[in-house]
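Structure first, commentary second.
The values are calculated or read from the model by the stated rules, or taken from the named source; none is laboratory data. Just so it is clear, the model here is predicted, and its values are computed rather than measured. Note that we place each Cβ from the backbone using ideal geometry, even for glycine, and neighbour counts take in every protein chain shown. Side chains are part of the model used for accessible areas, which takes the heavy atoms of the whole protein and leaves out ligands, DNA and RNA. Shrake-Rupley method; radii C 1.70, N 1.55, O 1.52, S 1.80 Å.
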Amino acid sequence: MKKPIVVVGSINLDLVATAERIPNVGETVSGKQFNTFFGGKGANQAVAIGRLGCAVRMLGKVGNDAFGKQLRDALESDGVDVGAVEVAQGASGVALISISDHGENSIIVVPGANGTFEKGDVDRHRHLIEEAGIVLTQLEIPMEVVEHLAEITDAAHVPLMLDPAPVQPLSRELLHRLDWITPNESEARMLLGPGANLEGESGTLNAVQKLLGLGVRNVVLKLGKRGALVAQASGLRAWIPAFKVDALDTTAAGDAFNGGFAVGLMSGKTPEESGRFAAAAAAISVTRRGAQPSMPSFEEVEEFLRHHQSAAEA
Ligand code: ATP
Ligand code: RIB
């Protein structure tokens, strides 16, 4: 039997307003719609994996407010094992999200219960991590917890995939313990420092080379509708074009991609094949509103791949 995927990360309620455009600093614009969705980068990636049919366990925290139980139940109904999702005193995590008519977003995350995650919470469920096929994490839980998790995965020889969002400086030790890092364009710029150039093919290739130079073994650089570049220290450079779709809401495209990529790797696909599978999952997700509601099933991704060419092939 395949080993389960474990996600250690955030669980949020997303408060989403749509407007013609995202307001500038100090500006007020009239909105069109308001909705609440289940979100959080960790929970989104877990739901993406669950819908794609892989066994998935989540370590995370919800608050003891009205939303906590709903957030946990929603994960469970998507096939996520929530035995290690605990209830903290206080509010659940919340994200305030603005979405423009072009599907672009801006997000403020208030961690709430996610911010109470401690190293001891990981230690209590250490056996789950040690039994995992791969562990996925992000930066919506405290950095010291992510660093501790990396020590555990490293010692147990379990691959760790970090989505460095919201981006923060990463220690050399953490970078050396990662199997995969999956920044988007702005996160890569921040990790590489002032003057980082991701323009065009040569700039992007240069950027992944520098990311590998930070000590991480494998990189997926996510470039929105430009697609993604998968790079391995062993030499692979694989461009994964995005699929041409009408984007309605790009929130959690990166989470759909990471979930799909992990499922691909766990199913024995190559990194390049996993990237194409992930790009299809992400493309479907941007055509739907909301974070978790937008995640496709395995059958939907297979059907999509049968009928769509990526932008580069079209
Ligand atoms: P988010 O923070 O919105 O969850 P992200 O910034 O981490 O996402 P992106 O680079 O925006 O990640 O998107 C991840 C992947 O999703 C891309 O590599 C691409 O395959 C797919 N994708 C994103 N936007 C689009 C789009 N408009 N059309 C088709 N595919 C898209
Ligand atoms: O990646 C998208 C997620 O970021 C949203 O669901 C929101 O909760 C924020 O965490």
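Here the chain carries DSSP beta bridges of which approximately 45% are antiparallel, counting only pairs with both residues inside. Excluding ASN114 itself, calculate the net charge of residues whose Cβ lies under 9 Å from the Cβ of ASN114, where each Lys or Arg counts +1 and each Asp or Glu counts -1. Local net charge: 0. Summing Lys and Arg as +1 and Asp and Glu as -1 over all other residues whose Cβ lies under 15 Å from the Cβ of SER98 gives a net charge of -3. Compute the relative contact order of the chain as a whole-number percentage, counting only Cα pairs closer than 8 Å that sit 6 or more residues apart in sequence. So the answer I get is 17 percent. Decide, for the chain, between rounded, prolate and oblate: order the square roots of the alpha carbon gyration tensor eigenvalues as a ≥ b ≥ c, take rounded if a/c falls under 1.5, and otherwise choose prolate if a/b is larger than b/c, else oblate. Here the chain falls in the rounded category.
Separation of region 192-208 and region 153-179, taken as the distance between their Cα centroids, equals 21 angstrom. In this Cβ point-charge picture (+1 for Lys and Arg, -1 for Asp and Glu), the chain has a dipole of about 360 debye about its Cα centre.
When you filter the GluC sites (Glu not before Pro) in region 150-235 for DSSP loop state and at most 15 other Cβ atoms inside 10 Å of their Cβ, you are left with GLU199.
Once backbone amide H atoms are built at 1.01 Å from N, LYS61 has ILE11, GLU86 as its partners under 5 Å, excluding neighbours fewer than 5 places away on the same chain. Dipole of the chain computed with +1 at Lys/Arg Cβ and -1 at Asp/Glu Cβ about the Cα centre; of ALA46, ALA84, GLY193, farthest Cα towards the positive end is GLY193.
Rounded to the nearest 500, the 222 nm mean residue ellipticity of the chain from helices alone is -11000 deg cm²/dmol, with -39,500 (n - 2.57) taken per DSSP H run of at least 4 residues. Close amide H contacts of GLY227 (hydrogens built in the peptide plane, cut-off under 5 Å, sequence separation of 5 or more or a different chain): ALA242. Heavy-atom accessible surface of the chain, averaged per residue, reaches 43 Å², computed with a 1.4 Å probe.
In region 1-139, taking the dipole from charged Cβ atoms about the Cα centre, the farthest positive-side position among LEU71, ALA113, HIS125 is held by HIS125. Around ARG306, with a cut-off of 12 angstrom between Cβ atoms, what is the net charge of the other residues, counting Lys and Arg +1 and Asp and Glu -1? Cβ neighbours under 12 Å give a net charge of -4. Ligands, DNA and RNA left out, the accessible area of the chain computed with a 1.4 Å probe is 52% carbon and sulfur. Put simply, the Cα atoms of region 175-314 extend 38, 30, 29 Å along their principal axes, the longest span coming first. Over the C-alpha atoms of region 58-172, the Rg to Rh ratio, Rh being the Kirkwood estimate, stands at 0.98. Helices meeting the span-like rule in the chain (full DSSP H runs, Cα extent of at least 24 Å along the helix axis, mean Kyte-Doolittle score of 0.5 or higher) are absent.
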